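**Student:** Dumping the structure here so I can ask a few things about it.
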Amino acid sequence: SFCGEKVDFRPFAKNSISNRTLESGRGTKTFFRVARPDLIPRVLQAVDEIDKSGGLDENSYCNVFDSCHGGRGKDTSRHSKTYLVCKEQDKWLHASKILHGAAWNSLPGYLRKEGDSNVLCEIAKNVADIVSNLILPVNGMMNKKCVVQEQFINQQRNGSVTTRHVHPDDTYGGLFYVDTPPATKLCFSNSEKSKEKKSWWKLAPQLTENLYPGAPGKKGADYPGFFEPRSGDIVFFPVGWLAHWVPRITIE
């Protein structure tokens, strides 16, 4: 499917937790990424542990992945329930009436025993640090603290597809890519006319952007774009308003 213009990245800043270089999407304030391939072996072990517990059979978001009963993706897509991966956040996160999207599930097996030293919590802390201390300040939002209120795992096989969607109960998302075959891409829409983006323009204009003001079709209101993630990348973008999807995966 047509995904418009590719987003290229350039160095932006160092991340205090991992001391890795954060890159920004050239010409935008919306996209960022940091390379953490060092985490891949431990993440694969964590996925195996969650799979052994049955966590990858949840299929809660089958409408997004076309994996509901009778859907084409029922044999090509697996995704877990949502988890709260850092134990220290458990009580105070659920005490808030603001964070309606906070997960309630604890990690299984050895991941739970490791407490906040588990690799998924390490990723969550890295994501929260980057958004709080780098992404928000560059967009004029100082002294804000972010939390990762949920994490889930998605496995897509050959023939799978992810339909267009947003995450209305989230702000920024941090996507960790474990395995990216050639031609892997994530597509997005400028979403200028969506109700979610209109709300963001009103309430959080610092974090909202018209990505393609000069593009075809009413100044690029719904013009698409894409980026090509690499294995080990954590990619950041405002999932609360930016509609995104993955074209059908075809691996020869």
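The values are calculated or read from the model by the stated rules, or taken from the named source; none is laboratory data. Just so you know, these numbers come straight off a predicted model, no measurement behind them. Virtual Cβ from ideal backbone geometry, glycine too; neighbours counted across all protein chains shown. The area values use the complete protein model at the heavy-atom level, side chains included, leaving out ligands, DNA and RNA. Shrake-Rupley method; radii C 1.70, N 1.55, O 1.52, S 1.80 Å.
**Student:** Within the stretch 104-124, take every residue that is open to solvent by 30 Å² or more (accessible area, probe 1.4 Å) and not in a loop (DSSP other than H, G, I, E, B) and give me the one that is farthest from F176 (Cα to Cα).
**Tutor:** Of everything passing the filter in the stretch 104-124, K113 is farthest from F176 (Cα to Cα).
**Student:** Name the pairs whose Cβ atoms lie under 7 Å apart, with the first residue in the stretch 124-144 and within 17 Å of E209 (Cα to Cα) and touching a residue at least 12 places away in the same chain (Cβ under 8 Å), the second part of a helix (DSSP H, G or I) and among the polar types (S, T, N, Q), and 6 or more positions between them or separate chains?
**Tutor:** The qualifying pairs are N139/Q206; G140/Q206; M141/Q206.
**Student:** Which condition does D179 not pass, out of (1) modelled with pLDDT of 90 or more; (2) closer than 28 Å to A221 by Cα; (3) assigned to a loop (DSSP other than H, G, I, E, B); (4) of a type in the set (D, E, K, R), if it passes all the others?
**Tutor:** Of (1) modelled with pLDDT of 90 or more; (2) closer than 28 Å to A221 by Cα; (3) assigned to a loop (DSSP other than H, G, I, E, B); (4) of a type in the set (D, E, K, R), only one is false for D179: (2).
**Student:** Pick out the one residue from A204, A243 that is surrounded by 14 or more Cβ atoms within 10 Å (Cβ to Cβ), farther than 28 Å from P37 by Cα and among the aliphatic types (A, V, I, L, M).
**Tutor:** Values: A243 fails: farther than 28 Å from P37 by Cα.
On inspection, the qualifying residue turns out to be A204.
**Student:** Now for a separate question. Kindly check whether there is at least one residue in the stretch 214-237 that is surrounded by 15 or more Cβ atoms within 10 Å (Cβ to Cβ), of a type outside the set (V, I, T) and touching a His at 6+ places or on another chain (Cβ under 8 Å).
**Tutor:** There is at least one residue in the stretch 214-237 that is surrounded by 15 or more Cβ atoms within 10 Å (Cβ to Cβ), of a type outside the set (V, I, T) and touching a His at 6+ places or on another chain (Cβ under 8 Å).
**Student:** Here's another thing I want to ask about it. For the stretch 13-35, which positions are hydrophobic (A, V, I, L, M, F, W, C) and modelled with pLDDT of 90 or more?
**Tutor:** If the condition is that a residue be hydrophobic (A, V, I, L, M, F, W, C) and modelled with pLDDT of 90 or more, then L22, F31, F32, V34, A35 are the ones that fit.
**Student:** Determine if the stretch 36-45 includes at least one residue that is out of contact with any Phe, Trp or Tyr (no Cβ under 7 Å at 6 or more places or on another chain), modelled with pLDDT of 90 or more, under 15 Å from Q156 (Cα atoms) and assigned to a helix (DSSP H, G or I).
**Tutor:** Yes.
Each row is one residue, and each column tells you yes or no for (1) of a type outside the set (S, T, N, Q); (2) part of a helix (DSSP H, G or I); (3) modelled with pLDDT of 90 or more; (4) open to solvent by less than 20 Å² (accessible area, probe 1.4 Å).
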| position | (1), (2), (3), (4) |
| --- | --- |
| W92 | yes, yes, no, no |
| G101 | yes, no, no, yes |
| N126 | no, yes, yes, yes |
| I135 | yes, yes, yes, yes |
| G140 | yes, no, no, no |
| K145 | yes, no, no, no |
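**Student:** Which ones in the stretch 147-166 are under 27 Å from K14 (Cα atoms) and either assigned to a strand (DSSP E or B) or open to solvent by 70 Å² or more (accessible area, probe 1.4 Å) (or both)?
**Tutor:** Of everything in the stretch 147-166, those that are under 27 Å from K14 (Cα atoms) and either assigned to a strand (DSSP E or B) or open to solvent by 70 Å² or more (accessible area, probe 1.4 Å) (or both) turn out to be Q151, F152.
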